[in-house]
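Asker: My questions all concern the structure below.
The numbers here are math on the coordinates, done by the rules we state, and not lab data. Values in this document were obtained by computation on a predicted structure and should not be read as measured data. Backbone-built Cβ (ideal geometry, glycine too); neighbour counts: all protein chains shown.
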Amino acid sequence: MPAAHAPSTTATDGDMATAASLRGRIQSHLGIDPRALGAFRIGVGLVIIADLLVLRAPQLAMFYTDDGVLPRATLAEVAPTLARWSLYAISGSLWVQAMLLGLTVVVAACLLVGYRPRFAAVGTAVLLASLHARNPYLVNGGDTILISVLFLAAFLPLDARWSLRHRPRADDDRVLSVATATILLHIVVIYAINAILKFQSEAWTSGVAVQRIFQLEDFVYLLGPTLTEYPAVLSGINWLWTAVLSASVLLVAATGWLRTATVVAFIGAHLSMAATMQLGAFPFVMCAVLLLFLPSRLWDAINRFVTKRDIPSRLEPIRRETSDSTPSGTRLLVRRGLRVTGTGLLVCLFVVLVGWQLVAAGLVETPSSGAGSTLESASWAFFAPNPPDSYSWYVVEAEYESGKAIDLVDGETVDFDRPPNAMERYPTTLWKRYGTKSQGVDGAAQPVAANGCERTSADVESVTIYRVEQPVDADGPVGEPIPHQRATVACG
């Protein structure tokens, strides 16, 4: 009799082996090493705290209060939905904004150290979204990517490594779930959409896009002006970045050292951007997110290098005391229901994110959208399909009762000549971002002009804001600067 059942047993063992082999392959592509999760959590936490304390806190009064350039009344006119849902819009007082910013820093610090990191990830995402809604003219692609990643990260075991409340995993393998697959594919889709848009661009396919970008003097800084002197190098960077974006599928399709090389290429590209262009936290956000793709082989090598001895990459299995009691049927149903609900939420969120970007990038037409309604500020296209063909700066003219007029930006006589460095016309990165994002919005310059009146002497009759546009091509400026009057406010 036992012999009669042998074929069935052998078939079952074979099926189990096939399933295990398939899971192993999927795990190597769509799984995440626990150490990568820990590094990602720490990296994202550091970037958020640095962005809040270094970039935004010093200018909290100017950009997030009623005494600044965007009072809540103006926000309610230009973006009523954002004004209604932003926590930061509940008050225009500086102390309330400071309290909310401090709360955001505390929650981000919980994420950094791994204290209830899932709740910290959601809380940080909600508070950051509220902060950005309070002044949407300060938001760039890095900010929206960060929020989307935080929501997806809430479904991951972020406390698997290097956390304050350490919860070691009971298995030796990379973490594999719908959540890991979703967040990895989300990043790949961002890069893939960018690659598609670049292949639709004449500037990128002809090799002159990067040269034109580096003629935008209100973006380039540090090593950027030096690179401008080497057009051949910029042309090479054009093709290299396009090639790296085209290889973004290798982030999930490849394993081992090929995957590591792809991650290093992307991180190197983003760090190069940080060294040559004013892009805020965007390059560092992407570097932190890319840590998720690093394979276990690299983490093992890092362990050996740091400790000089071979330490197992995984913790010992958790030993739990056995109990005669087993989970009730109701509890099992609840757990299964929560798991199914979480999976459904993840899939829906991923579909919404991809659909949003396809529409924002203009790759998919909707019945209510046209070429003029594309949400460029919400897109993660990054200088695609075409880089800007002009840059701009602002002249703030204060006219005195005596008839004298000065430029409040530099205190000199008003003129519209091209400055030696347009970036220096903006006091900070946030001012640059605000000036760029709000330039096509009616009424956005009015509060800035009114704020200028409040900060000048009593004998100033009026303040007028001009945006001066300088067309460029791959070889440099084209023609003369073009001034556009944005707003005039009578003072006193």
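Asker: Treating each Cα of the range 390-490 as an identical point scatterer and ignoring solvent, apply the Debye formula and state log10 I(q)/I(0) at q = 0.13, 0.15, 0.23 Å⁻¹.
Answerer: -0.45, -0.60, -1.32
Asker: Going 7 Å from the Cα of ARG297 toward and past its Cβ, which residues in the range 249-270 have a backbone nitrogen under 12 Å from where you end up?
Answerer: From the range 249-270, the list is 254-262.
Asker: Quick check: Cα centre of the range 53-94 to Cα centre of the range 380-433, how many Å?
Answerer: 23
Asker: To the nearest 0.05, what FRET efficiency results for CYS348 and ARG418 with a Förster distance of 51 Å applied to their C-beta separation?
Answerer: Numbers: r = 49 Å, r/R0 = 0.97.
Calculated transfer efficiency: 0.55.
Asker: Counting only other residues whose beta carbon sits under 11 Å from that of ASP415, what net charge do I get with K and R as +1, D and E as -1?
Answerer: Working: positive: ARG418; negative: GLU397, ASP407, ASP410, GLU412, ASP417.
Surrounding charge for ASP415 is -4.
Asker: So, in nm, how far is label ILE482 from label SER246 when the simple model puts each one 7 Å beyond its Cα toward the Cβ?
Answerer: Rounded to a tenth, the inter-label distance reads 3.4 nm.
Asker: How much length is gained if the chain between LEU55 and ASP67 is pulled fully straight, taking 0.36 nm per residue apart and subtracting their Cα-Cα distance, in nm to one decimal?
Answerer: 2.4 nm
Asker: Also: Between the range 261-289 and the range 114-147, what is the C-alpha centre distance in whole Å?
Answerer: Taking the Cα centre of the range 114-147 as reference, the centre of the range 261-289 is 19 Å away.
Asker: Now for a different question. Would you mind putting 45-55, 140-150 in packing order, based on average other-beta-carbon counts within 10 Å, highest first?
Answerer: Values: 45-55: 18.4, 140-150: 21.5.
Going by the mean number of other Cβ atoms within 10 Å, highest first, we get 140-150, 45-55.
Asker: Given contacts defined as C-alpha pairs under 8 Å and at least six residues apart, what's the relative contact order of the range 390-490, whole-number percent? Don't skip to the end; give the middle numbers.
Answerer: Values: 166 pairs, mean separation 35.3, N = 101.
So the answer I get is 35 percent.
Asker: Still on this structure, I have one more. If each residue's Cβ is checked for other Cβ atoms within 10 Å, how do SER93, SER177, SER86 rank with the fewest at the top?
Answerer: Fewest-to-most Cβ neighbours within 10 Å comes out as SER93, SER177, SER86.
Asker: Along the Cα→Cβ direction, 7 angstrom out, place labels at ARG304 and GLU77. What is the inter-label distance in nm?
Answerer: A separation of 6.6 nm, rounded to one decimal place.
Asker: If you take the charge dipole of the range 390-490 about its Cα centre, with +1 on Lys and Arg Cβ and -1 on Asp and Glu Cβ, which of VAL396, PRO427, PRO483 is farthest toward its positive end?
Answerer: PRO427
Asker: Give me CYS348, CYS453 sorted ascending by neighbouring Cβ count inside 10 Å, so fewest comes first. Each step should come with its number before you reach the end.
Answerer: Details: CYS348 10, CYS453 16.
Going from least to most buried by this count: CYS348, CYS453.
Asker: Here's a follow-up. Stretch ASP475-ARG23 to full length: gain in nm at 0.36 nm per residue minus the Cα-Cα span?
Answerer: Contour length minus Cα-Cα distance gives 157.4 nm.
Asker: I'd like the FRET efficiency for SER91 and THR226, computed as 1/(1 + (r/R0)^6) with the beta carbon distance as r and R0 of 60 Å, rounded to 0.05.
Answerer: 0.85
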